[in-house]
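Asks: Let me give you the structure first, and then I'll get to my questions.
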Amino acid sequence: MAHVILGLLMLAPQSLYDLVKSFEAGVGLVYSASSGSIKRALDGLLASGLIEVESVQPGGRGRKVYRTTDAGRAAFRKWIDGPIEGPDLETAALSRLFFLGLLDPPERAAVLERIRERAAANVAELEAVERHLAVLEVPEEFHEVLAYQRATLDYGLSSGRHALAWFTERAAREAST
């Protein structure tokens, strides 16, 4: 979440309220967050020097507007250029894709290629499971259970293959521009 907030603050300085609205209006489609989790992430980013308070708006609540620091921009850059980690490829990939326009055009293809490679690795893992299940002997009483487990695997393979094809095509398009 911290990197998503850094990306949003790189687009424009924002208050907590603005960030909540930014999540609801855009990145929240692929990365959900509550106002409390956004506030905790802001506090951590502030404590680590990755963001700073740009201004405190006058009024009863003294609404703080945050912006990234040089260290915050470097941390964001390290994240978007880094390996695609974690169990949830979709969230990791789409949160980077959402901010890809912050990079220079030649740099975008490399990020897309890393996402494509991760999608290919995920598909390969699921295909290995599929091969294993094809030769697995299962007692009769578990055939229905296995049928739904295979249906779950089929869904994962279909979704993974779609992601792989989509990111392959997008990476090729980006590389040709």
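Asks: Have a look at ALA120, ALA147, ALA165 and point out the one that is in contact (Cβ under 8 Å) with a residue 12 or more places away in the chain, in a helix (DSSP H, G or I) and not assigned by TED's automatic domain parsing to the domain that holds LEU29.
Replies: So the residue among ALA120, ALA147, ALA165 that is in contact (Cβ under 8 Å) with a residue 12 or more places away in the chain, in a helix (DSSP H, G or I) and not assigned by TED's automatic domain parsing to the domain that holds LEU29 is ALA120.
Asks: Just to verify a result, which residue in the range 86-112, among those that are outside the structural domain of PHE167 (by TED's automatic domain parsing) and of a type in the set (Asp, Glu), is nearest to LEU8 (Cα to Cα)?
Replies: GLU90
Asks: What number goes with the only condition from (1) in contact with an Asp or Glu (Cβ under 8 Å, 6 or more places away or on another chain); (2) assigned to a helix (DSSP H, G or I); (3) more than 27 Å from LEU164 (Cα to Cα) that LEU112 does not pass?
Replies: (3)
Asks: Among the candidates GLY44, GLY49, which residue alone is in a helix (DSSP H, G or I), free of Cβ contacts under 8 Å to residues at least 60 places away in the same chain and in contact with a helix residue (DSSP H, G or I) (Cβ under 7 Å, 6 or more places away or on another chain)?
Replies: The conditions single out GLY44.
Asks: Name the residue that is nearest to GLU107 (Cα to Cα), counting only residues in the range 24-79 that are acidic (Asp, Glu) and in contact with a strand residue (DSSP E or B) (Cβ under 8 Å, 6 or more places away or on another chain).
Replies: Top of the filtered list is GLU52.
Asks: Filter the range 56-106 down to the residues that are basic (Lys, Arg), at pLDDT 90 or above and either more than 18 Å from VAL30 (Cβ to Cβ) or more than 12 Å from the chain's Cα centre (by Cα) (or both) and list them by number.
Replies: The answer is ARG67, ARG73, ARG77, LYS78.
The values are calculated or read from the model by the stated rules, or taken from the named source; none is laboratory data. Computed from a prediction, not measured in an experiment: that's the story for all the values here. Using ideal geometry, Cβ is built from the backbone for each residue, glycine included, and neighbour counts are taken over all protein chains shown.
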